[in-house]
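The values are calculated or read from the model by the stated rules, or taken from the named source; none is laboratory data. Every value quoted in this text rests on a predicted model; they were computed, and no experiment measured them. Because the Cβ atoms are built from the backbone with ideal geometry, glycine has one as well, and the counts that use them run over all protein chains shown. What goes into the accessible areas is simple: the full protein's heavy atoms, side chains included, and nothing from ligands, DNA or RNA. Shrake-Rupley method; radii C 1.70, N 1.55, O 1.52, S 1.80 Å.
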Amino acid sequence: QVQLVESGGGLVQPGGSPRLSCAASGIIFSRYPMGWYRQAPGKQRELVAGITSGDYTNYADSVKGRFTISRDNAKNTVYLQMNSLKPEDTAVYYCNTLIPSGAYWGQGTQVTVSS
């Protein structure tokens, strides 16, 4: 059974630098791409960052230069380091993977950027 469990969200001041984590189980983690998505109130879910099994990364234009995605295959965990947070980064952040049997999502973690 595939499980993705996010952690690390919360209330953050503008300019803050939290790190989100997503622990995966039920998959051979190192073989598959991982992604972070977010969904703000009233908006569609959007891709924030992705990382392939070969560590190739891609980012949404809105977060380039501020966010960094990385993975630790020994810990079956993908991270999202977020820097210079802005109020518009407020959203529920979801971890995602795509394996042969389909796409899987975590339960999401709320990140609220406010002073």
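Looking across the stretch 60-71, the residues that are open to solvent by less than 50 Å² (accessible area, probe 1.4 Å) and either closer than 14 Å to Gly8 by Cβ or more than 14 Å from the chain's Cα centre (by Cα) (or both) come down to Phe67, Ile69, Ser70. For the stretch 33-51, the set of residues classified as open to solvent by 50 Å² or more (accessible area, probe 1.4 Å) and not aliphatic (A, V, I, L, M) consists of Pro33, Tyr37, Gln39, Pro41, Gly42, Lys43, Gln44, Arg45, Glu46, listed by residue number. Put simply, of Ala49, Ala23, Ala74 the only residue that is on the phi < 0 side of the Ramachandran plot and in a loop (DSSP other than H, G, I, E, B) is Ala74. The lone criterion from (1) of a type outside the set (Phe, Trp, Tyr); (2) farther than 13 Å from Cys22 by Cβ; (3) touching a residue at least 40 places away in the same chain (Cβ under 8 Å) left unmet by Val78 is number (2).
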